[in-house]
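Contents: one structure, followed by commentary.
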Amino acid sequence: MDALSSFSVGKPHVLFAIFLILPALIFVIAKIRKFEKSISAQENKNAFKSLKLSLTLRTLFRCLAWIASVLAFAEISFGSKKIPVHKSGSNVTFVFDISYSMLAKDAPSRLSRLDAVKIYASSLVENLSSTSFSAVLAKGDGFAAVSETEDKNAMLNLIENLSPHLMTSQGSSLARGIEAAITSLPSHSAKSQYIWVFTDGDETDNLLEKSLDKTHRFGIPVTFVGFGSEKESEIIAGDGKTKVNTALRANRLKKICEASNEKSGRIHTMSKEKASYVDSQSQSSAWQLMSQIKQKNNDGEENTLSYEIQNVRRHSFFLLFAVIFLMLSFIVGELKISPILNKKNTGKKSAFLILNFSLLLFLLSCSSERKELLEGSWAWYEGKYTAATADFLNVVQDTSEDSLSHEYAIFDLSTTYLALGESEAALDRLSEIRLESEDLPKELRSAAFYNMGMIYARRSDYNKAAQFFKKAILANQKNMNAKINLELCEREIVQKQANEAQAQMQGVNEEKQKHPDMKNEIFNLIRESEGKKWRNMSDGGEKNNDVIDY
């Protein structure tokens with residue numbers, strides 16, 4: 001039942017390709033009937049029955065292979081699984097209930113619930129560091145007011161202006177606010193996601209529990225922060241006339257959280273509660289919220305292992321059956337004994353049968369590690385980095401450090417981190433590979449050295465990058481990308497050295513201008529005095545131009 005509830009088709013238009021079987025079937029049936037009519041002897045007709053059976057089975061298996069291939073590429077998913085995902089950093093989505101019930105003023109402070117939310121949420125924003133924020137307004141509908149940002153002023157400005165008049169929709173729907181928060185979050189993010197709902201628990205559509213099922217599926221914890229008093233207060237509804245009573249529905253929120261957690265644990269075997277309730281008036285409420293995201297590693301950086309529930313894509317499942325059915329079609333096509341057929345090349349046919357059986361056994365005995373590596377590689381190719389990370393992590397955890405699958409899984413995991421922009425995590429994973437071991441394939445070692453070179457090249461550390469590109473070339477001389485990047489790095493190094501030399505020469509010239517050399521100064525003085533002397537002698541000659549020239 002659970003598998004059917006999570007059934008989905010990613011590319012439904014691909015399913016129309018199944019109907020291409022019809023013209024192929026018509027052609028094969030017509031050929032068999034034409035061949036049957038051309039047989040005259042009764043002995044041949046009896047022998048044709050075995051041939052007809054093998055042809056029918058071959059056609060059936062090939063049709064099944066085609067159907068399985070179409071289902072594979074249609075991206076059919078059913079069932080769900082819990083996958084581990086490493087998260088770095090955090091993003092908190094604030095969902096503000098701005099329905100008219102939040103304007104109620106509860107004793108003894110006589111402060112409206114919405115004003116209390118403003119004070120409480122502003123304090124949280126100011127005290128949270130290294131965290132990005134986003135905000136959603138919830139009333140009769142949900143609206144993403146602030147996209148993911150680290151600008152605290154943007155959040156504080158929104159909180160300061162919270163009012164029921166910001167949205168025209170009627171009623172109160174916390175579920176739509178939570179769904180808007182889920183939609184606003186990026187699908188592939190390396191950050192841990194959290195949703196905090198600031199509300200009094202009053203809603204008009206009773207869809208809250210269904211929205212929590214979606215947050216469980218995406219692995220996003222939801223915390224309800226209750227505001228107000230459990231004693232009824234009278235307010236004016238949105239029409240400006242109707243008087244209604246409202247109160248903090250704390251017990252109702254707690255029951256919904258408990259029911260949702262129990263359902264999630266039963267279906268998805270989740271070990272961690274994902275929905276909780278906190279009373280804003282309790283002394284430790286703010287600490288409970290902030291402690292959710294302040295789980296740090298030894299380096300002081302936030303780095304958590306969370307779990308997400310995802311539909312299981314059955315691409316490899318259907319693709320495996322497609323190959324098996326195709327192999328069976330070849331096998332039954334060769335298992336025919338008939339005097340009508342030419343009996344030559346029986347040795348080749350036997351070898352062909354043995355080869356098909358061997359391939360079939362290989363496919364059926366494919367190890368789970370290789371299967372998960374293939375699934376992770378396919379997910380990476382499609383840009384689904386979260387699913388790829390989960391598959392590679394499972395292989396790393398389930399295999400020994402000396403196995404080749406373990407090394408490939410670490411390399412694939414580092415490549416996924418690079419795609420997510422986590423270069424430091426990628427470098428840590430690459431350092432775990434036994435790169436100096438000659439037992440590893442040269443392609444793997446070369447690719448690992450190449451990725452390390454690319455990481456340092458992005459950091460403009462061209463000396464280290466060049467060293468790793470050289471190692472990549474030594475490991476595999478066919479790595480043309482490493483050769484090209486090595487030449488580029490060497491050019492950058494030469495250019496950098498030239499720029500440094502030019503800057504140094506410019507500094508020397510400026511220093512000479514500030515402090516001229518004494519020898520040059522003396523030489524300049526002598527040259528000036530000599531010049532004056534010769535000019536004076538030249539002037540004297542002009543004055544005595546009337547003297548007789550002997």
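The values are calculated or read from the model by the stated rules, or taken from the named source; none is laboratory data. Quick caveat: nothing in here was measured; it's all calculated off a predicted structure. Here the Cβ positions follow ideal geometry from the backbone for every residue, glycine too, while neighbour counts run over all protein chains shown. The area values use the complete protein model at the heavy-atom level, side chains included, leaving out ligands, DNA and RNA. Shrake-Rupley method; radii C 1.70, N 1.55, O 1.52, S 1.80 Å.
The single residue among SER211, SER123, SER130 that is open to solvent by 40 Å² or more (accessible area, probe 1.4 Å) and under 26 Å from the mean Cα position of the chain (by Cα) turns out to be SER130.
Given the residues SER147, SER134, SER130, SER169, which is the only one that is modelled with pLDDT under 90, part of a strand (DSSP E or B) and not aliphatic (A, V, I, L, M)? Can you show your working first?
On the way: SER134 fails: modelled with pLDDT under 90; SER130 fails: part of a strand (DSSP E or B); SER169 fails: part of a strand (DSSP E or B).
Of the residues listed, the single one that is modelled with pLDDT under 90, part of a strand (DSSP E or B) and not aliphatic (A, V, I, L, M) is SER147.
Looking at SER437, SER405, just one residue is hydroxyl-bearing (Ser, Thr, Tyr), within 29 Å of ILE473 (Cα to Cα) and modelled with pLDDT of 80 or more, and that residue is SER405. Annotation note: Cβ proximity below 6 Å between a residue of the range 139-160 that is touching a residue at least 12 places away in the same chain (Cβ under 8 Å) and under 19 Å from ARG113 (Cα atoms) and a residue that is open to solvent by less than 40 Å² (accessible area, probe 1.4 Å) and among the polar types (S, T, N, Q) (sequence gap 6+ or interchain) occurs for LYS139/SER99; LYS139/SER169; GLY140/SER169; GLY140/SER173; LEU156/SER122; ILE159/SER122. In the range 220-255, the residue that is modelled with the lowest pLDDT out of those that are open to solvent by 10 Å² or more (accessible area, probe 1.4 Å) and of a type in the set (Gly, Ala, Ser) is GLY238.
Tell me, please, whether a residue that is open to solvent by less than 100 Å² (accessible area, probe 1.4 Å), modelled with pLDDT under 80, farther than 24 Å from THR416 by Cβ and outside any helix (DSSP H, G or I) can be found in the range 535-543.
Of all residues in the range 535-543, those open to solvent by less than 100 Å² (accessible area, probe 1.4 Å) come to 538-541.
Next, only the ones that are modelled with pLDDT under 80 stay: 538-541.
Now restrict to residues that are farther than 24 Å from THR416 by Cβ: 538-541.
The next check asks that each one be outside any helix (DSSP H, G or I); those that pass are none.
Within the range 535-543 (the criterion being open to solvent by less than 100 Å² (accessible area, probe 1.4 Å), modelled with pLDDT under 80, farther than 24 Å from THR416 by Cβ and outside any helix (DSSP H, G or I)), the answer is no, since none of the residues qualifies.
Please enumerate the residues belonging to the range 66-106 that are part of a strand (DSSP E or B), hydrophobic (A, V, I, L, M, F, W, C) and either at pLDDT 90 or above or within 30 Å of THR204 (Cβ to Cβ) (or both).
Listed by number, the residues that qualify are VAL92, PHE94, VAL95, PHE96.
Screening the candidates SER280, SER260, SER264 for the property of being over 21 Å from LYS231 (Cα atoms), at pLDDT 80 or above and open to solvent by less than 70 Å² (accessible area, probe 1.4 Å) yields one hit, SER260.
Just to be sure before I move on: is SER291 open to solvent by less than 60 Å² (accessible area, probe 1.4 Å) and either over 22 Å from LEU128 (Cβ atoms) or modelled with pLDDT under 65 (or both) in the structure I sent?
Working: open to solvent by less than 60 Å² (accessible area, probe 1.4 Å): yes; either over 22 Å from LEU128 (Cβ atoms) or modelled with pLDDT under 65 (or both): no.
So SER291 fails the test.
Hey, can you tell me all the residues within the range 1-21 that are exposed (fewer than 10 other Cβ atoms within 10 Å of the Cβ) and at pLDDT 70 or above? Answer for the range 1-21, where residues must be exposed (fewer than 10 other Cβ atoms within 10 Å of the Cβ) and at pLDDT 70 or above: HIS13, PHE19.
Looking only at the range 47-65, filter to residues that are at pLDDT below 80 and either charged (D, E, K, R) or not in a helix (DSSP H, G or I) (or both); which one of those is least open to solvent (accessible area, probe 1.4 Å)? It comes out as LYS52. Looking at SER112, is it modelled with pLDDT under 90 and more than 34 Å from the chain's Cα centre (by Cα)? Yes: the conditions hold for SER112.
Among the residues here, PHE523 does not qualify as aromatic (Phe, Trp, Tyr) and modelled with pLDDT of 85 or more.
For the range 109-118, the criterion of a residue being free of Cβ contacts under 8 Å to residues at least 24 places away in the same chain, under 19 Å from GLY89 (Cα atoms), among the hydroxyl-bearing types (Ser, Thr, Tyr) and in a strand (DSSP E or B) is satisfied by no position. Take ILE119 and decide whether it is in contact with a strand residue (DSSP E or B) (Cβ under 9 Å, 6 or more places away or on another chain), modelled with pLDDT of 85 or more and over 23 Å from ALA175 (Cα atoms). Spelling it out, ILE119 is indeed in contact with a strand residue (DSSP E or B) (Cβ under 9 Å, 6 or more places away or on another chain), modelled with pLDDT of 85 or more and over 23 Å from ALA175 (Cα atoms). Of all the residues in the range 429-462, those that are exposed (fewer than 14 other Cβ atoms within 10 Å of the Cβ) and either touching a Cys at 6+ places or on another chain (Cβ under 9 Å) or in a helix (DSSP H, G or I) (or both) number 3.
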